Amino acid sequence: MNLRRLKYFVKIVDVGSLTQASEVLHVAQPALSQQLATLEGEFRQQLLLRTQKGVVPTEAGRALYRHAQIILRQFEQAQSDVLHAGRALSGQVSVGLAPGTAASALALPLLQTVQGRYPQIVLHINENFGTTLCDVVRDGRMDMAVLYGGERVMQGLSFDALLTEDLFVVAPEGTLGQDDEVALAELRDVDLLLPRSSNQLRKHVDQAFASARIVPHVVAEMESSNTLAAAIASGVGATILPVSMARGVAAMAAVELRRIVSPTIEVPLSLCASDHLPLSEPAQAVKAILLELVDRLEREAGLHALH
């Protein structure tokens, strides 16, 4: 098996058509079909199914597609490392930052610091939901991601705890009284707007209520900060967020913030990476900068650093 066949296969799957792939790759379709047949012969598996709309990968094809992306990405990084050995660090590094979290505050400082120290590193920043970020890191399509969670073991991933944040209630004005804190039991009958149940933050909230033997009154599920701020300001309900997210929502609307106590609830922010794919030298340098910025964020925002 050679890398060229893998590149051809990945491109065919990406475009979903042998004809279009041959045009993009500038390879005659009969030759491309022969390369695919050779690849299927090497694996002794059918890799693609032909349909009226083009081609789709089989189960074996999807497995090869995932591994081929990792292999090709590592080879490209190896080429870059060898070519620039002894020179300034260069190459592409991808970092995921879960939106609406303390991680979002790292985006601009990370970009500025990387450009200042390593101008030849091309940084790709992706802001997406945590579960999606875990998937792309596990598959090797992203170097690392900063997101909530990491307490439980996830196959193919490692987590380094960065800091923890206290959970706050964000509610319409006049809802929570004058105290700076609110006991969890006082939220028993409060209408709550929370993320969907698969969200890591929601899992922490549900666990806290379950431990207190309280059933939260969830009236809607949403994850958009703008919609959440508007809904709370209009009196639809309250929400529960880490302090950094709570302050962000409060900046967009007239709301009240109260720290939850009895018990205090904390959520960890973690750095997620593959547990079997080593980071490239440029990625290691970016990781070091991320850790520096987390320290700075902890000092400025009064959060609790863990690493």
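The values are calculated or read from the model by the stated rules, or taken from the named source; none is laboratory data. These numbers come from a predicted model, not from an experiment. All Cβ positions, even for glycine, are placed from backbone atoms using ideal geometry, and neighbour counts span all protein chains on display.
Which of the strands (runs of 3 or more DSSP E) found entirely inside the range 97-186 contain at least 2 residues meeting this: without any contact (Cβ under 8 Å) to a residue 40 or more places away in the chain and surrounded by 15 or more Cβ atoms within 10 Å (Cβ to Cβ)?
121-126
So is Leu279 under 20 Å from the mean Cα position of the chain (by Cα) and farther than 17 Å from Leu167 by Cβ or not? Lay out the reasoning, then the answer.
On the way: under 20 Å from the mean Cα position of the chain (by Cα): yes; farther than 17 Å from Leu167 by Cβ: yes.
Answer is yes for this residue.
Scan the range 246-262 residue by residue and report those that are over 17 Å from Glu181 (Cα atoms) and aliphatic (A, V, I, L, M).
Val249, Ala251, Met252, Ala253, Ala254
Go through the range 219-235 and report how many residues are surrounded by fewer than 17 Cβ atoms within 10 Å (Cβ to Cβ) and closer than 12 Å to Leu192 by Cβ.
4
When only residues in the range 192-211 that are under 17 Å from Phe168 (Cβ atoms) and outside any helix (DSSP H, G or I) count, which is nearest to the chain's Cα centre (by Cα)?
Asn199
Could you tell me whether the range 118-125 includes any residue that is modelled with pLDDT under 95, closer than 27 Å to Arg202 by Cα and of a type outside the set (Asp, Glu)?
Scanning the range 118-125, I find at least one residue that is modelled with pLDDT under 95, closer than 27 Å to Arg202 by Cα and of a type outside the set (Asp, Glu), so the answer is yes.
Can you work out which of the residues in the range 52-85 that are surrounded by 14 or more Cβ atoms within 10 Å (Cβ to Cβ), more than 14 Å from Val10 (Cβ to Cβ) and not small (Gly, Ala, Ser) is nearest to the chain's Cα centre (by Cα)?
Gln77
Condition first: among the acidic types (Asp, Glu) and modelled with pLDDT of 90 or more. Can you find one or more residues in the range 37-50 that meet it?
Yes - at least one qualifying residue is present in the range 37-50.
Restrict the check to the range 38-50 and report whether at least one residue is in contact with a helix residue (DSSP H, G or I) (Cβ under 9 Å, 6 or more places away or on another chain), part of a strand (DSSP E or B) and surrounded by 12 or more Cβ atoms within 10 Å (Cβ to Cβ).
For the range 38-50, residues in contact with a helix residue (DSSP H, G or I) (Cβ under 9 Å, 6 or more places away or on another chain), part of a strand (DSSP E or B) and surrounded by 12 or more Cβ atoms within 10 Å (Cβ to Cβ): present.
Could you count how many residues in the range 154-173 are over 13 Å from the mean Cα position of the chain (by Cα), among the hydrophobic types (A, V, I, L, M, F, W, C) and closer than 30 Å to Val10 by Cβ?
First, pick out the residues of the range 154-173 that are over 13 Å from the mean Cα position of the chain (by Cα): 154-156, 158, 160-173.
With among the hydrophobic types (A, V, I, L, M, F, W, C) added as a condition, the list becomes 154, 161-163, 167-171.
Of the ones still in play, those that are also closer than 30 Å to Val10 by Cβ are 154.
Adding up the residues that qualify gives 1.
Quick one: how many residues across the range 60-96 are at pLDDT 85 or above and either assigned to a loop (DSSP other than H, G, I, E, B) or touching a His at 6+ places or on another chain (Cβ under 6 Å) (or both)?
Adding up the residues that qualify gives 1.
Filter the range 204-215 down to residues that are closer than 21 Å to Pro268 by Cβ and touching a residue at least 24 places away in the same chain (Cβ under 8 Å) and give me whichever is surrounded by the fewest Cβ atoms within 10 Å (Cβ to Cβ).
Looking at the filtered set, the residue picked out is Ser211.
Does Glu281 satisfy being assigned by TED's automatic domain parsing to the domain that holds Ser104 and modelled with pLDDT under 85?
Here the answer is no, as Glu281 does not meet what is asked.
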